[in-house]
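What follows is a single structure, written as structure tokens, with notes after it.
The values are calculated or read from the model by the stated rules, or taken from the named source; none is laboratory data. On a predicted model such as this, the values are computed, not experimentally measured, just so you know. We place every Cβ from the backbone using ideal geometry, glycine too, and count neighbours over all the protein chains shown.
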Amino acid sequence: MKVGPHFRTALEALQLNLVRSMLTTLGVIIGVASLIVMVSIGAGAQSAIDKQIAALGSNMLQIQSGPGNMGGGRRDQVGSVQMLSDRDIRALRDQVPSIVAISGQINTTAPLVYGNANWTGRVEGVGAEYLEIRDWPIAAGRGLEPGDMTVGAKVAIVGQTVVRELFEGADPVGAELRIRNVPFTVVGVLEAKGQTGFGRDQDDVVLVPLAAARARLGARARSAPDAVGQIYVELGSSRDMLRAAEDIEAVLRARRQLSATDEAPFSIRNTAELIRTRTEAQATMAFLLGATSIISLIVGGIGIMNIMLVSVTERTREIGLRMAVGARKRDILIQFLIETVTLCVIGGLIGVAVGVGGSYLIAGFAEWPILLRADTVVLGITASVVVGVVFGLLPSRRAASLNPIDALRHE
Amino acid sequence: MSGQPLVACEGVTKLYRMGAHEVAAVRDVTLTIGAGEYVAVMGPSGSGKSTFMNLVGALDVPTVGTISIAGRALNELDGDALASLRNRTIGFVFQQFNLLSRTSALGNVMLPLDYSGLTRAEAEVRARATLVRVGLGERMSHGPSELSGGQQQRVAIARAIVNEPQILLADEPTGALDSATSEEIMTLFRELNRGGITVILITHEPDVAAHARRQIRFKDGRVVSDTGGA
Ligand SMILES: Nc1ncnc2c1ncn2[C@@H]1O[C@H](COP(=O)(O)OP(=O)(O)O)[C@@H](O)[C@H]1O
Ligand SMILES: [Mg+2]
């Protein structure tokens with residue numbers, strides 16, 4: 001069986017009805033385009049969350065002051081007794097054996113000055129184990145050590161963005177960095193970590209000891225001198241995650257004399273939870289994606305089937321003639337199938353172009369993370385081929401089942 | 001010539017159901033046609049000539065009886081074998097030409113070769129040669145609408161013979177043509193017959209029939225006279 005002549009015949013037939021053919025493929029165009037846009041959005045969101053999980057580390061827990069919802073306004077309502085504190089950290093270290101490292105953290109934003117250069121950046125007061133928990137290597141100098149955790153130690157570690165903005169080629173290690181006008185000595189430089197999945201620059205940071213942050217930068221809650229904003233915990237293995245989260249919650253509740261039903265004034269975020277969120281988001285996305293594109297592809301397929309049935313009727317005499325000069329049923333079947341698939345693939349290619357363009361437009365305007373992958377394009381074209389075969393079958397079989405003399409006599 | 005006839009009809013009847021009753025378009029026809037014959041099929045309108053021709057051309061199947069072409073009983077052949085027979089052994093010329101209107105003369109003549117397993121280049125060479133043979137060497141790339149009736153029928157004849165069939169069937173091939181053009185077409189059929197192809201053609205016109213060496217006359221679906229054969 002040679003496909004060449006059938007393909008040529010199909011193209012000729014489509015050319016003869018160019019406008020009709022194009023209108024017919026509209027459904028497939030929309031279907032494939034929406035498929036591509038949706039898959040690209042889905043893949044983009046997925047990769048953003050993947051990046052976020054990678055940034056946090058897979059065996060890390062984050063405990064946040066305030067209830068589950070992390071709206072900034074609610075934190076002020078949390079009373080001093082309920083704030084997370086250094087005492088909580090000591091209790092957790094003693095009572096939860098799967099914890100291998102733990103660190104409190106307080107954040108502030110402060111003006112940074114080195115020589116004549118200045119910059120406003122994020123300053124984090126952290127414990128000695130913080131970098132280990134975040135799995136964040138040092139590029140130069142040293143990290144924070146237990147000895148730095150005294151009120152007098154005014155040392156700082158700087159992120160790559162701060163290095164770039166302030167030091168302009170000078171070696172930051174040993175330099176004096178003024179943070180909110182307090183001189184700190186830079187002892188180390190962090191390696192680049194890049195953006196979080198949601199676009200925050202993680203390298204725009206200065207790490208200082210927790211004690212120094214409280215004493216020198218005023219970064220503390222008014223009512224509790226040892227309060228922290230959040231606690232970072234590293235576990236021995238990621239498999240302990242859920243168990244450890246329960247243990248931590250139990251310890252923190254017990255310290256606050258809360259029953260199991262009281263709302264906790266803190267929330268535990270772990271990467272398992274993020275992964276679960278991701279799975280849910282993905283499922284929703286997949287459903288929307290599936291529904292939209294399957295519906296348009298089915299509608300498009302039915303349109304194409306319809307137009308091919310019309311075409312078979314219009315060309316009944318041609319079919320009879322082809323049979324009279326030697327076409328087998330199979331030849332007619334394949335001719336019409338190829339014609340339908342060609343129509344769909346043309347629609348599919350236009351759909352791919354529209355989808356790719358649409359994805360970039362959305363990426364540009366909505367500033368959503370979009371990930372356009374080659375296999376998405378392949379998927380779009382495959383979908384159009386499948387639509388062609390499925391919806392071409394009925395018209396093609398109808399054409400092939402014609403009897404030559406009846407077809408020739410058809411008016 | 002071999003002992004076997006090229007076309008053999010044995011008690012062939014074709015019934016059409018018309019509402020409640022049945023009409024016999026062809027009744028109990030038994031005849032043979034040998035290789036190389038030139039046969040005119042005649043008879044009044046509605047006498048069953050076209051029905052007979054379609055049966056011989058393997059486009060239709062008899063209700064009763066058997067037809068053999070080149071020694072092969074059609075009722076024993078499957079769809080693919082019948083398609084191959086129509087492709088290689090039989091050429092059919094229709095009264096209304098039946099050309100693909102938006103395809104060039106050359107494309108129309110190449111049509112049977114799409115189903116013959118030839119490469120496009122081989123098919124084109126053969127189709128061109130055949131168009132030259134029917135006297136249409138000039139206007140091969142023109143579509144049917146740019147050709148006269150006689151030229152269109154030449155294209156149809158070229159299409160019928162492009163695969164060098166043994167039998168050429170023509171159903172009133174000059175019915176839509178003026179008399180001068182008819183004469184040219186009949187000359188072409190005679191030349192083809194001289195070249196060895198068996199020609200069976202339906203005609204109303206006695207002078208057209210006079211070209212043939214044998215005349216078979218139909219009336220009410222039966223053969224009422226046959227000037228030759230078995
Ligand atoms: N498809 C058909 N359905 C019903 N009757 C038909 C059909 N084809 C032909 N007939 C009838 O069979 C008879 C023979 O027709 P046909 O073979 O076309 O005659 P001719 O070609 O000699 O004019 C006519 O009475 C015609 O009405
Ligand atoms: Mg007739």
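Structure summary
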{"read-out": "Pick from the range B:41-66, criterion part of a strand (DSSP E or B) and away from ligand 1 (no atom under 13 Å from the Cβ), ranking: nearest to B:VAL155 (Cα to Cα)", "value": "B:THR66"}
{"read-out": "Filter pass, B:GLY137 being surrounded by fewer than 17 Cβ atoms within 10 Å (Cβ to Cβ) and either more than 16 Å from ligand 2 (Cβ to nearest atom) or not in a helix (DSSP H, G or I) (or both)", "value": "yes"}
{"read-out": "Selection status of A:PRO404, within 14 Å of chain B (Cβ to nearest Cβ), more than 26 Å from A:LEU26 (Cα to Cα) and in contact with a helix residue (DSSP H, G or I) (Cβ under 6 Å, 6 or more places away or on another chain)", "value": "yes"}
{"read-out": "Residue within the range B:67-86 that is more than 9 Å from chain A (Cβ to nearest Cβ), within 16 Å of ligand 1 (Cβ to nearest atom) and either touching a Phe, Trp or Tyr at 6+ places or on another chain (Cβ under 9 Å) or hydroxyl-bearing (Ser, Thr, Tyr) (or both) present", "value": "no"}
{"read-out": "Selected residue (criterion: nearest to the other protein chains (Cβ to nearest Cβ)) from residues of the range B:109-134 that are part of a loop (DSSP other than H, G, I, E, B) and under 20 Å from the mean Cα position of the chain (by Cα)", "value": "B:SER116"}
{"read-out": "Single unsatisfied condition, B:LEU106 versus (1) more than 9 Å from chain A (Cβ to nearest Cβ); (2) in contact with a strand residue (DSSP E or B) (Cβ under 8 Å, 6 or more places away or on another chain)", "value": "(2)"}
{"read-out": "Looking only at the range B:188-210, and only at residues there that are in a loop (DSSP other than H, G, I, E, B) and either within 16 Å of ligand 1 (Cβ to nearest atom) or farther than 15 Å from B:LEU168 by Cα (or both), the one that is farthest from the other protein chains (Cβ to nearest Cβ)", "value": "B:ALA210"}
{"read-out": "Hits in the range B:191-208 (condition: surrounded by fewer than 20 Cβ atoms within 10 Å (Cβ to Cβ) and closer than 15 Å to B:PRO44 by Cβ)", "value": "B:HIS204, B:GLU205, B:PRO206"}
{"read-out": "Which numbered condition B:ASN54 fails, given (1) within 13 Å of ligand 2 (Cβ to nearest atom); (2) within 14 Å of chain A (Cβ to nearest Cβ); (3) polar (S, T, N, Q); (4) surrounded by fewer than 22 Cβ atoms within 10 Å (Cβ to Cβ)", "value": "(4)"}
{"read-out": "Residue in the range A:164-180 that is of a type in the set (A, V, I, L, M), surrounded by 15 or more Cβ atoms within 10 Å (Cβ to Cβ) and within 22 Å of A:LEU61 (Cβ to Cβ) present", "value": "no"}
{"read-out": "Evaluation of B:ILE90 against (1) closer than 23 Å to B:PRO206 by Cβ; (2) crowded, with 22+ Cβ neighbours inside 10 Å; (3) more than 13 Å from ligand 2 (Cβ to nearest atom) (one fails), failing number", "value": "(1)"}
{"read-out": "Candidate set from the range B:1-40 (those that are of a type in the set (Ser, Thr, Tyr) and within 14 Å of ligand 1 (Cβ to nearest atom)); member that is modelled with the highest pLDDT", "value": "B:THR13"}
{"read-out": "Yes/no for A:LEU372 being surrounded by fewer than 22 Cβ atoms within 10 Å (Cβ to Cβ), more than 14 Å from every other protein chain (Cβ to nearest Cβ) and farther than 27 Å from A:ALA48 by Cα", "value": "no"}
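Matching residues to (1) out of contact with any helix residue (DSSP H, G or I) (no Cβ under 7 Å at 6 or more places or on another chain); (2) of a type outside the set (Val, Ile, Thr):
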| residue | (1), (2) |
| --- | --- |
| A:THR292 | no, no |
| A:MET308 | no, yes |
| A:VAL312 | no, no |
| A:GLU318 | yes, yes |
| A:ALA324 | no, yes |
| A:ASP331 | no, yes |
| A:THR342 | no, no |
| A:VAL354 | no, no |
